[in-house]
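Trainee: Sharing a structure below in structure tokens format, with a few things to ask.
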């Protein structure tokens with residue numbers, strides 16, 4: 001069962017104030033509305049009309065809902081969330097973070113005035129927590145990278161200002177061609193976040209002029225092309241270490257990995273990402289066997305655990321041998337003190353190529369999974385493309401845990417790994433295909449933030465809003481129960497009813513409805529728990 005508490009519960013109980021602008025948008029008129037005073041049954045119930053008639057109150061322009069075309073125009077300016085509308089004020093309440101949207105909204109012809117009802121305030125945190133963030137300062141347009149961020153609810157952590165700043169990640173790979181020149185990495189370079197390079201294969205080189213695998217790996221964390229691809233930790237600092245000779249495979253490379261790990265430790269890096277694995281070599285006599293995958297045998301596995309013992313959080317790809325006779329993880333993925341990443345697709349289904357365990361001594365591997373099937377990366381031409389491999393699920397998660405750890409710098413590497421495991425979707429029943437499953441890092445964040453603040457309310461959220469097709473309901477519950485989900489139109493007519501079994505904690509389910517049968521208007525989504533109601537208003541365009 002997923003255990004994420006939705007963001008508004010967190011905001012109301014954690015002591016962290018709202019971090020966005022709440023703005024009332026007043027419109028000039030109701031011209032062009034799809035509703036008419038002469039047809040009040042379109043927007044008023046029979047009871048409401050009768051009440052007016054009994055008191056000799058005429059149907060007025062103020063009874064007509066806000067023009068949905070006007071609402072749509074306001075919501076189209078950027079990242080804006082619709083909250084409520086008032087037909088009497090002819091206004092809507094919206095929220096957004098980017099203050100530059102004020103000017104765009106004010107310049108819309110149908111907008112009469114803009115009134116700020118609430119604005120960002122200081123984040124209050126316990127003294128032993130990160131204290132430098134004062135507002136939500138970034139909303140990213142992830143482009144095609146949105147799914148590999150949102151799969152882990154990492155966008156919520158980003159919205160709280162934790163984007164990797166102050167964290168250091170060492171990336172071990174075969175080369176990073178183009179990182180020093182491509183525009184996709186200009187943000188990394190210009191902000192001083194490219195901390196250094198070192199080549200453990202050729203001491204006289206920088207690593208920029210060799211293979212491009214490391215470039216693609218790095219792009220899932222540090223790439224920054226707004227509207228196209230933004231990585232999971234765009235504000236972290238990065239060291240790029242070439243440990244892999246792409247033209248051969250020898251045990252020397254495992255020692256290169258060890259040397260790089262020691263150097264990374266000496267620099268004080270927080271996280272190592274290694275999209276590398278070793279099972280077979282040019283000299284077949286050096287090949288590892290499944291018996292070697294015990295967490296204690298190979299050079300590179302020992303190196304990974306040694307790094308972990310020094311407080312470095314090591315993230316490593318599981319391997320891409322899932323379709324082969326050797327389908328097991330490689331080294332150092334078998335290490336017992338690291339995060340080993342398998343791969344899934346956008347649909348959260350295991351990628352067939354993703355290597356799996358268990359280790360020879362019966363431990364669950366991979367640890368968790370992330371997007372690795374058709375993952376979005378930056379190619380050699382500097383443009384976004386797709387690529388397959390646990391090579392990409394690993395850095396996606398490395399960047400993600402960097403943001404989580406940034407928020408809680410007093411946690412240890414092993415406690416961060418523990419929270420990642422505990423808040424993954426099959427934590428209660430892990431296996432050696434997906435491990436503990438898909439991590440929900442915002443759930444882990446909320447648990448860490450609210451350890452001493454038990455949540456005492458229930459909450460329901462519906463998205464997307466406005467609704468365009470099917471919609472998702474998130475319901476946080478204090479206990480197990482059955483609830484009725486009902487959808488009503490403005491006249492109070494029931495258009496859909498479903499019964500859902502709810503478990504304690506966070507529940508998420510998709511609701512299918514043929515909206516083509518219903519007009520563009522406001523609808524009420526209501527959860528009925530034995531006469532106790534939770535409701536959300538949604539718009540349908």
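Trainee: Applying the selection to region 495-515, what residues are assigned to a strand (DSSP E or B) and in contact (Cβ under 8 Å) with a residue 40 or more places away in the chain?
Mentor: 505, 506, 507, 508, 510, 511
Trainee: Can you work out which of the residues in region 254-292 that are out of contact with any strand residue (DSSP E or B) (no Cβ under 9 Å at 6 or more places or on another chain) and in a loop (DSSP other than H, G, I, E, B) is modelled with the highest pLDDT?
Mentor: This residue is 289.
Trainee: Please verify whether residue 362 is surrounded by fewer than 23 Cβ atoms within 10 Å (Cβ to Cβ), out of contact with any strand residue (DSSP E or B) (no Cβ under 9 Å at 6 or more places or on another chain) and outside any strand (DSSP E or B), treating the condition exactly as stated.
Mentor: So residue 362 passes the test.
Trainee: Residue 308 is checked against (1) out of contact with any strand residue (DSSP E or B) (no Cβ under 6 Å at 6 or more places or on another chain); (2) surrounded by fewer than 24 Cβ atoms within 10 Å (Cβ to Cβ) and fails just one. What number does that condition carry?
Mentor: Just one mismatch for residue 308, condition (1).
Trainee: Just one of the numbered conditions (1) in a strand (DSSP E or B); (2) crowded, with 19+ Cβ neighbours inside 10 Å is not true of residue 74; which one?
Mentor: It is condition (1) that residue 74 fails.
Trainee: In this structure, does residue 402 turn out to be modelled with pLDDT of 95 or more and either part of a loop (DSSP other than H, G, I, E, B) or touching a strand residue (DSSP E or B) at 6+ places or on another chain (Cβ under 7 Å) (or both)?
Mentor: Considered against the rule, which asks whether it is modelled with pLDDT of 95 or more and either part of a loop (DSSP other than H, G, I, E, B) or touching a strand residue (DSSP E or B) at 6+ places or on another chain (Cβ under 7 Å) (or both), residue 402 comes out as yes.
Trainee: Let me ask something else about it. Go through region 471-491 residue by residue and tally those that are under 21 Å from the mean Cα position of the chain (by Cα) and surrounded by fewer than 17 Cβ atoms within 10 Å (Cβ to Cβ). Explain how you work it out, then say what you get.
Mentor: The initial filter retains those residues of region 471-491 that are under 21 Å from the mean Cα position of the chain (by Cα), namely 471-476.
Now narrow it down to the ones that are surrounded by fewer than 17 Cβ atoms within 10 Å (Cβ to Cβ): 472.
Total satisfying the criteria: 1.
Trainee: Residue 338 passes all but one of (1) in contact with a helix residue (DSSP H, G or I) (Cβ under 9 Å, 6 or more places away or on another chain); (2) surrounded by fewer than 24 Cβ atoms within 10 Å (Cβ to Cβ); which number fails?
Mentor: (2)
Trainee: Given the conditions (1) modelled with pLDDT under 95; (2) within 24 Å of residue 218 (Cα to Cα), which single one is not true for residue 426?
Mentor: For residue 426, the failing item is (2).
Trainee: Of the residues 296, 323, which is in contact with a helix residue (DSSP H, G or I) (Cβ under 9 Å, 6 or more places away or on another chain), in the same structural domain as residue 179 (by TED's automatic domain parsing) and surrounded by fewer than 24 Cβ atoms within 10 Å (Cβ to Cβ)?
Mentor: 296
Trainee: Let me ask something additional. I need the full set of residues from region 1-29 which are modelled with pLDDT of 85 or more and buried (at least 19 other Cβ atoms within 10 Å of the Cβ), in order please. Steps first, answer last, please.
Mentor: Here is the first cut: in region 1-29, the residues modelled with pLDDT of 85 or more are 25-29.
Within region 1-29, 25, 27 meet the criteria.
Trainee: For residue 240, are the conditions met, namely being under 24 Å from residue 372 (Cβ atoms), part of a strand (DSSP E or B) and over 16 Å from the mean Cα position of the chain (by Cα)?
Mentor: Criteria met by residue 240.
Trainee: Mind listing whichever residues of region 91-111 are over 14 Å from residue 23 (Cα atoms) and either surrounded by 14 or more Cβ atoms within 10 Å (Cβ to Cβ) or assigned by TED's automatic domain parsing to the domain that holds residue 535 (or both)?
Mentor: 108, 110
Trainee: A further question on this structure: Can you say whether residue 157 is surrounded by 17 or more Cβ atoms within 10 Å (Cβ to Cβ), at pLDDT 95 or above and in contact with a helix residue (DSSP H, G or I) (Cβ under 7 Å, 6 or more places away or on another chain), as far as the supplied structure shows?
Mentor: no
Trainee: Next question, about the same structure. Scan region 393-416 and tell me whether some residue there is free of Cβ contacts under 8 Å to residues at least 60 places away in the same chain and either within 19 Å of the chain's Cα centre (by Cα) or crowded, with 19+ Cβ neighbours inside 10 Å (or both).
Mentor: The first filter runs over region 393-416 and keeps only residues free of Cβ contacts under 8 Å to residues at least 60 places away in the same chain, leaving 411, 415.
With the extra rule that they be either within 19 Å of the chain's Cα centre (by Cα) or crowded, with 19+ Cβ neighbours inside 10 Å (or both), the set shrinks to none.
Checking region 393-416: not a single residue is free of Cβ contacts under 8 Å to residues at least 60 places away in the same chain and either within 19 Å of the chain's Cα centre (by Cα) or crowded, with 19+ Cβ neighbours inside 10 Å (or both).
The values are calculated or read from the model by the stated rules, or taken from the named source; none is laboratory data. Just so it is clear, the structure is predicted and the values come from calculations on it, not from any experiment. With ideal geometry, Cβ positions are generated from the backbone for all residues, glycine too; neighbour counts draw on all protein chains shown.
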